[in-house]
Amino acid sequence: MSLASYLDKGASLGGDAPCLTLDGETRTYDEVVALSRDVARALRRGGVGAGDPVGILSANHPTSFTCVFGIARAGAVWCPINPRNAAGENRELLALFGCTALLFQASFAPLVAEIAPQLPALTTLVCLDDPEPAVEGAVGLEAWLAAAAEDPAWSDVVVDEGRAGDEVVALVGTGGTTGRPKGVQLTDRNLETMTAVTLMAYPLERRPVYLALAPLTHAAGVLCFPILAQGGEIVVMAAPDVGGFLGLVARHRVTHTFLPPTLIYMVLDHPDLATTDLRSLQCFWYGAAPMSTARLADACERIGPMAQLFGQSEAPMMISTMGPAEHRHADGSLATERFASAGRPSPLVTVAIMAQDGSLLGRGERGEIVIRSSLVMAGYHEDPEATAEVSAHGWHHTGDVGYLDDDGWLFIVDRAKDMVITGGFNVYSAEVEQALMAHDAVADCAVVGLPDEKWGERVVAAVQLRPGASADPDDLIAFTKERIGSVKAPKQVWFWDDLPRSTVGKVLKADVRSQLVES
């Protein structure tokens with residue numbers, strides 16, 4: 001299947017059905033299909049050919065998401081560029097990918113004007129929502145589409161080439177938090193596997209309604225494909241607004257949505273939650289970062305059918321899954337013993353635990369989580385060394401440390417690089433963070449290791465308190481000792497107003513560590 005096939009499948013179930021909605025304005029499937037074909041024709045007229053990378057720099061918006069399918073129809077490669085990245089990182093990604101065209105929103109015109117002159121390969125610049133963009137050489141969307149429609153050589157051409165199988169259809173930046181950004185090459189087979197697992201593992205009936213608050217450049221975007229294949233409606237939020245999110249769930253009878261844990265915590269703390277009708281929800285996905293087991297239990301009771309997913313850019317979304325039903329026992333009670341897990345390996349994914357020498361470990365033994373699946377990327381763009389490293393011993397290496405228990409539940413204990421070695425003991429920061437998050441005053445936290453003359457490293461924590469809450473560092477340390485013992489408990493606790501986060505809401509532990517070292 002081409003990426004456009006998901007949209008076309010939904011259109012075949014009813015072209016006049018709602019497809020994309022923003023601020024109460026809805027585009028039908030037929031309208032979205034027509035615009036995507038116009039975009040494909042304009043791209044091909046402008047010299048974009050099969051396999052050429054095309055960037056999209058935009059906040060959540062129906063037009064920009066429609067362009068994804070236009071890129072697919074042209075046989076080109078979709079390159080989602082996150083607008084929250086720094087200018088230098090986006091310039092580096094566009095250069096790495098070799099993008100020949102960039103479609104952007106007017107609000108990011110200053111960024112485009114800054115970086116475009118340094119990117120000579122960019123020959124096509126299209127502003128999606130301003131007819132007179134403030135970028136030299138750029139053209140507005142309507143004029144760009146009209147030029148193709150009025151060109152005798154192209155006016156009657158229907159472009160619907162698409163790419164399927166093992167061809168690369170998307171290039172996704174990994175972000176620069178661990179060094180130079182890398183480009184993940186995703187094939188249509190990768191995204192088809194992800195879609196198949198989604199349909200297998202979670203409740204997804206015909207014509208679902210999906211609310212996209214999280215960035216469509218990340219998990220919220222690829223989760224749209226199975227929604228479209230079922231003829232569903234995607235309600236788009238242009239900017240994060242927890243109160244608005246709750247209102248849209250009730251107003252549109254939303255059945256599915258995805259949020260990272262940090263935003264779920266904000267939903268739980270919002271005063272409108274208690275009075276919002278959430279009965280339409282069938283599946284509230286969470287992922288992208290570890291979630292407090294205490295707050296997950298709260299979410300199951302106060303929000304409804306929570307559903308976990310674990311994946312990464314290199315193996316999108318569905319390495320392991322835990323559906324709403326698996327969050328409870330047969331008698332309806334919460335299955336809290338599973339809440340610290342990442343679910344069970346997905347039906348189309350083989351998961352193993354590997355030692356440093358490449359040998360596979362048994363149940364209960366801790367090592368690196370490795371996988372085999374058609375979910376796994378083709379490789380890193382123009383980086384054969386990194387591709388070989390992540391594929392060592394014939395398995396894809398996730399970089400996460402974990403174990404499989406006797407019942408097949410996958411537990412992630414830490415990122416390999418975040419493990420703290422103190423006094424010869426391995427301390428997994430995620431375990432310490434879970435213990436701290438069980439405290440009523442803690443909204444979020446980051447546990448890292450700092451150099452220590454006696455212990456090699458000492459465990460320390462940066463803690464963000466809930467609004468209006470107060471706590472004492474010594475009390476939090478004692479609270480943690482009671483749960484996981486003195487070796488793992490932090491030796492120091494600092495209170496921060498806000499923890500540094502990536503563009504998708506993950507706490508940047510490298511930034512936390514560097515700031516604490518400097519303090």
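When both bridge partners sit in the chain, DSSP labels roughly 55% of those beta bridges antiparallel. Taking only the alpha carbons of region 88-235, we obtain Rg and Dmax values of 18.0, 50 Å in that order.
Quick one: check the C-alpha center-to-center distance for region 358-418 versus region 440-463, whole angstrom. Centre-to-centre distance over Cα atoms comes out at 26 Å. The dipole here belongs to the chain: it is taken about the Cα centre, uses +1 on the Cβ of Lys and Arg and -1 on the Cβ of Asp and Glu, and is about 700 debye.
Compared with the direct C-alpha span, the chain from Leu199 to Val158 gains 11.6 nm at full extension, assuming 0.36 nm per residue.
Largest first, the extents of the alpha carbon coordinates of region 359-434 on the three principal axes equal 40, 29, 23 Å. Translational diffusion of region 379-519 was estimated from the Stokes-Einstein equation, with Rh taken as the Kirkwood radius over Cα pairs; at 25 °C and 0.890 mPa s the coefficient is 148 µm²/s. Compared with the dominant Cα axis of the chain, that is its longest principal axis, helix 473-484 is turned about 90°.
Over the Cα atoms of region 240-415, the radius of gyration divided by the Kirkwood radius equals 1.03; this is the Rg/Rh ratio.
Measuring between their Cα centroids, region 475-492 and region 93-163 lie 55 Å from each other. Counting only DSSP beta bridges with both residues in region 21-131, the antiparallel share comes to about 15 percent.
Here's the picture: a label point sits 7 Å out from the Cα of Val517 along the beta-carbon direction, and within region 437-480 the residues with their amide nitrogen under 20 Å of it are 446-463. Taking Cα atoms only, the orientation of helix 62-73 departs from the longest principal axis of the chain by about 70 degrees.
Put simply, the C-alpha atoms of region 8-153 give a gyration tensor, and the ellipsoid matching it has half-axes of 25, 17, 15 Å, longest first. Protection proxy ranking, highest mean first, for peptides 202-212, 77-87, 52-62, 362-372: 52-62, 77-87, 202-212, 362-372, where packing is the per-residue count of other beta-carbon atoms within 10 Å, averaged.
Label-to-label distance, Ala352 versus Lys417, with points set 7 angstrom from Cα along the beta-carbon direction: 2.5 nm.
Percent of Cα pairs in the chain per distance bin of 20 Å, from zero to the largest separation: 22, 55, 22, 1. Take each peptide in 407-420, 186-199, count the other Cβ atoms within 10 Å of every residue, and average; sorted highest first, the result is 186-199, 407-420. Charges were assigned to the Cβ only: +1 to each Lys and Arg, -1 to each Asp and Glu. The resulting dipole of region 450-492 about its Cα centre is roughly 160 debye. Using all pairs of distinct alpha-carbon atoms, the Kirkwood hydrodynamic radius of region 457-515 works out to 12.6 angstrom. Over the chain, dividing the summed -39,500 (n - 2.57) contributions of all DSSP H runs of at least 4 residues by the number of residues returns a 222 nm mean residue ellipticity of -9000 deg cm²/dmol.
Which pairs in the list Lys481/Lys506; Lys417/Lys481; Lys417/Lys491; Lys481/Lys509; Lys417/Lys454; Lys182/Lys488 are over 30 Å apart, alpha-carbon to alpha-carbon? In this structure, Lys182/Lys488 lie more than 30 Å apart at Cα.
Computed from the C-beta positions of Glu453 and His393 and an R0 of 30 Å, the FRET efficiency is 0.20 to the nearest 0.05. Farthest toward the positive end of the dipole of the chain, out of Ser374, Ala388, Ala11, is the Cα of Ser374, where the dipole comes from beta carbon charges about the Cα centre.
Using a Debye calculation, one point per C-alpha and no hydration shell, please list log10 I(q)/I(0) for region 317-373 at q = 0.12, 0.16, 0.18, 0.19 Å⁻¹ in order. Debye curve over Cα of region 317-373, log10 I(q)/I(0) at q = 0.12, 0.16, 0.18, 0.19 Å⁻¹: -0.37, -0.60, -0.72, -0.77. Phi-derived couplings, Karplus 6.51 cos²θ - 1.76 cosθ + 1.60 at θ = phi - 60°, listed residue by residue for region 214-225: 5, x, 5, 6, 10, 4, 4, x, 5, 5, 5, 4 Hz, with x used for Gly and Pro. The stretch between Asp272 and Leu13, if pulled fully straight at 0.36 nm per residue, gains 89.7 nm over its current Cα-Cα span.
Quick note: the coordinates plus some simple rules give every number you see, no bench work behind them. From a predicted model like this one, the values you see are computed outputs, not experimental measurements. Cβ sites come from the backbone with ideal geometry, for glycine too, and all protein chains shown count toward neighbours.
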